[in-house]
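Shown next, in structure tokens, is the structure this report addresses.
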Amino acid sequence: MFTRINVSVNVISLALQRAIGLKCSMEFEVADCTTKIYPDNSFDVIYSRDTILHIQDKPALFWTFFKWLKPGGKVLITDYCRSVDAPSPEFANLYKSSGLS
């Protein structure tokens with residue numbers, strides 16, 4: 001079972017559309033990972049894509065990830081960086097479409 005959470009309704013809607021016809025069990029939820037509660041040892045893997053930079057209390061979030069992971073579980077994090085320069089048009093469009101702007 002895959003569980004996907006995101007604070008953006010747009011992102012979850014897109015994920016639901018892309019999941020149609022896939023032969024795997026998925027759950028989608030609009031939620032905030034800083035307030036969401038899962039039982040300890042719930043996940044084999046936690047994957048965070050382009051999210052952590054928006055989180056103020058990163059140590060608390062990582063502690064939460066640690067509690068959610070099963071023993072031997074893995075965390076994979078990707079993030080982008082913002083510079084003082086104006087973003088490229090492609091990046092600006094991606095960020096705008098994410099619903100986080």
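Of note:
- Condition broken by LYS74, with the remaining ones in (1) under 17 Å from VAL11 (Cβ atoms); (2) open to solvent by 90 Å² or more (accessible area, probe 1.4 Å); (3) of a type in the set (Lys, Arg) satisfied: (1)
- Taking the criterion of being within 28 Å of PHE91 (Cβ to Cβ) and in a helix (DSSP H, G or I), the only residue of segment 65-81 that qualifies is PHE65.
- Test: residue in segment 44-61 that is farther than 28 Å from LYS96 by Cβ and in a helix (DSSP H, G or I): yes
For every residue, the table says whether it meets (1) under 26 Å from LEU94 (Cβ atoms); (2) within 12 Å of the chain's Cα centre (by Cα); (3) open to solvent by less than 90 Å² (accessible area, probe 1.4 Å); (4) touching a residue at least 60 places away in the same chain (Cβ under 8 Å).
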| residue | (1), (2), (3), (4) |
| --- | --- |
| LEU14 | yes, no, yes, no |
| ARG18 | yes, no, no, no |
| GLY21 | yes, no, yes, no |
| ALA31 | yes, yes, yes, no |
| ILE37 | no, no, no, no |
| ASP40 | no, no, no, no |
| ASP50 | yes, yes, yes, no |
| ILE55 | yes, yes, yes, no |
| TRP63 | no, no, no, no |
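The values are calculated or read from the model by the stated rules, or taken from the named source; none is laboratory data. As the structure is a computational prediction, the values presented were derived from the model and not from experiment. Positions of Cβ are generated from backbone atoms using ideal geometry, with glycine treated the same way; all protein chains shown enter the neighbour counts. What goes into the accessible areas is simple: the full protein's heavy atoms, side chains included, and nothing from ligands, DNA or RNA. Shrake-Rupley method; radii C 1.70, N 1.55, O 1.52, S 1.80 Å.
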